[in-house]
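Colleague: Take a look at this one; I'll ask things after.
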Amino acid sequence: MSAAKLLSQDNIHQLSKGRRFYRIFRDTVSPKAFPSNSAAHPWRFTPFTTGPQHTIIQGLYFADTPSACMRETIFRKEKTGVLPLSEVQERQCIEVELKSTLTVFLLTGQLLKETLGFDPILNNDYPVCLSVAKLLVSKFPKLQGILFPSYQTDANTMNLVVFSHATDLTDFKFKTTNRDDLLSPRYRCDLLLAACAAGKELSSGVRDICLGVSTGQ
Amino acid sequence: MNTITTPQSSEHQDKPLPLMDDVITTSNYSQALGALAENPLLFNTHWATQLRLTAQNQQKVIDYYDFVDAQALTETLYPQWHVGNPLAAIAKQAQRQALLYIERNGQKLYPVQQFDTDSAKPTLIAEFKILMAKTREHKLTNMELLHWLCTPMPVTLPNEPPKLEQHLNEGDYESALSDIIQSGPSKVIELRPIDIVRQGNTVLFKQLLAQWLSPEPVAITPQQRSVAAEHLKAQMVALGIDQLSVINP
């Protein structure tokens, strides 16, 4: 194992202006709002505290495609059971474009295996992922986010988390023209494709709407 | 019989989807089908995949649970239960949706695992009452509920996270990383919700349930459901899958 590799500047990259991502969010909150989830219910890389002031760092998550977003949220491998209607009814998807470059750490599974001896992203080992994020943010103060592979998709798609202390999201253009409900005609196909690719059954309630006979239209 | 062909290549491309006979084709059914026709993707293998998943999940339910009919329920599980007409009493409970059941060939079958067999009369395990109310709110079927209950789900048992603050404040990143490596990966175990609820671990059970059903849903009308069910019925017939009756018990 070569622990030094994880702390190497070589892993820092600039995401170029114009790169697009997608984000799924509950329609009760703004897509631009950093969440306020507590340490008791962490997501993969956030929240954590850092520095002598114990600053709380929150994260906003994105993925390469609408389907990847769905695989990372409502169709996660570890989620069992049919997809209930409530999971999709109150969620929307929005396209986001970088207005300027973004400084990110490219955290691949190979790098983690070589460094730690195991891959906490693959295993959904959130406690270890949180420790790694904390370490990286401390080591690289200018870091704005982490780019990491999506193991939910079994494909070469990437996820992005950006940190609340490093960006106020003015670097992002949230394209409201490409914002819609997951059950809208715009995203309904992505929903069906993501469900089938994930091998997840839509509940009868979701099927009702996808078949085009409900208020989702 | 009217037919429509699938507009995109798929394994069912050369298998036309049959419409129902004109006699039983309702305006609602045409409406549902029309919505599908506007979207070619919905016509090909993806809905077929969904139907297969439904059939597979239903088979898992059938294989996992021990099902009994009302007669066996009263005679085997609760032989000491004395009531005038036990079969009618069970049927009434089922009608009130106070018992979990599926329908097969028009017969109601009750999964034994829902019952508290220490009781003298047919009684649900307490958590099941809450669970059934919750899933009804979410418009889920009994089959969908039973499938979730018997499917193993991974639960992470986190290691004690390493205390990194001191190393990080001192700029000693190598030592911090070393601590992460030494703490090692967290353990992941698989649990079936049905086992958790039967063991009486209500706290963990509520956590698992919250992962599945969190926000409250918006209502769907019975008419909307029935239209969708009609369309699925046609597709299932086309694919040679039966047992529609258990999709919407």
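The values are calculated or read from the model by the stated rules, or taken from the named source; none is laboratory data. For clarity, every value in this text was computed on a predicted model and none was experimentally measured. We place every Cβ from the backbone using ideal geometry, glycine too, and count neighbours over all the protein chains shown. Surface accessibility is based on the protein's heavy atoms, side chains included, excluding ligands, DNA and RNA. Shrake-Rupley method; radii C 1.70, N 1.55, O 1.52, S 1.80 Å.
Colleague: Return the only residue of A:ASP190, A:ASP168 being surrounded by 18 or more Cβ atoms within 10 Å (Cβ to Cβ), among the acidic types (Asp, Glu) and more than 9 Å from chain B (Cβ to nearest Cβ). Let's see the steps before the verdict.
Modeller: Working: A:ASP168 fails: surrounded by 18 or more Cβ atoms within 10 Å (Cβ to Cβ).
The unique qualifying residue is A:ASP190.
Colleague: State which residue is nearest to A:THR49 (Cα to Cα) when the search covers only region B:168-191 and only residues that are more than 9 Å from chain A (Cβ to nearest Cβ) and either buried (at least 19 other Cβ atoms within 10 Å of the Cβ) or under 23 Å from the mean Cα position of the chain (by Cα) (or both).
Modeller: B:ILE189
Colleague: Moving on. Between a residue in region A:117-143 that is more than 7 Å from chain B (Cβ to nearest Cβ) and under 21 Å from A:SER2 (Cβ atoms) and any residue that is open to solvent by less than 10 Å² (accessible area, probe 1.4 Å) and assigned to a loop (DSSP other than H, G, I, E, B), which pairs come within a Cβ distance under 7 Å, given they are 6 or more apart or on different chains?
Modeller: Every condition considered, the pairs that remain are A:CYS129/A:PHE45; A:CYS129/A:PRO120; A:CYS129/A:ILE121; A:ALA133/A:PHE45; A:ALA133/A:THR46; A:LEU136/A:LEU143.
Colleague: Same structure again: Given (1) within 13 Å of the chain's Cα centre (by Cα); (2) among the hydrophobic types (A, V, I, L, M, F, W, C); (3) open to solvent by 10 Å² or more (accessible area, probe 1.4 Å), where does A:PHE21 come up short, assuming only one miss?
Modeller: (3)
Colleague: If only one of A:LYS99, A:LYS77, A:LYS175 is surrounded by fewer than 18 Cβ atoms within 10 Å (Cβ to Cβ) and closer than 29 Å to B:THR135 by Cα, which one is it?
Modeller: Exactly one of A:LYS99, A:LYS77, A:LYS175 is surrounded by fewer than 18 Cβ atoms within 10 Å (Cβ to Cβ) and closer than 29 Å to B:THR135 by Cα, namely A:LYS77.
Colleague: At pLDDT below 95 and either open to solvent by 10 Å² or more (accessible area, probe 1.4 Å) or out of contact with any Gly (no Cβ under 6 Å at 6 or more places or on another chain) (or both): is that true of A:GLN110 in this structure?
Modeller: So A:GLN110 fits the description; yes.
Colleague: Also, quick follow-up: Return only the number of the condition from (1) within 14 Å of chain B (Cβ to nearest Cβ); (2) modelled with pLDDT of 90 or more; (3) buried (at least 21 other Cβ atoms within 10 Å of the Cβ) that A:ILE57 does not satisfy.
Modeller: (3)
Colleague: Restricting the search to region A:69-90, which residues are under 17 Å from A:CYS210 (Cβ atoms), over 16 Å from the mean Cα position of the chain (by Cα) and assigned to a loop (DSSP other than H, G, I, E, B)?
Modeller: Selection gives A:VAL82, A:PRO84, A:GLU90.
Colleague: Same structure again: Tell me yes or no: at least one residue of region B:47-66 is open to solvent by less than 40 Å² (accessible area, probe 1.4 Å), more than 20 Å from B:MET132 (Cβ to Cβ), at pLDDT 90 or above and of a type outside the set (Val, Ile, Thr).
Modeller: Among the residues of region B:47-66, not one is open to solvent by less than 40 Å² (accessible area, probe 1.4 Å), more than 20 Å from B:MET132 (Cβ to Cβ), at pLDDT 90 or above and of a type outside the set (Val, Ile, Thr), which makes the answer no.
Colleague: Only one of B:GLY84, B:GLY34 is modelled with pLDDT of 80 or more, over 27 Å from the mean Cα position of the chain (by Cα) and farther than 19 Å from B:ARG104 by Cβ. Can you tell me which?
Modeller: B:GLY84
Colleague: Now a separate question. Taking A:ALA4 and the conditions (1) open to solvent by 40 Å² or more (accessible area, probe 1.4 Å); (2) under 13 Å from the mean Cα position of the chain (by Cα); (3) not charged (D, E, K, R), which numbered condition does it fall short on, given that it satisfies the others?
Modeller: Condition not satisfied by A:ALA4: (2).
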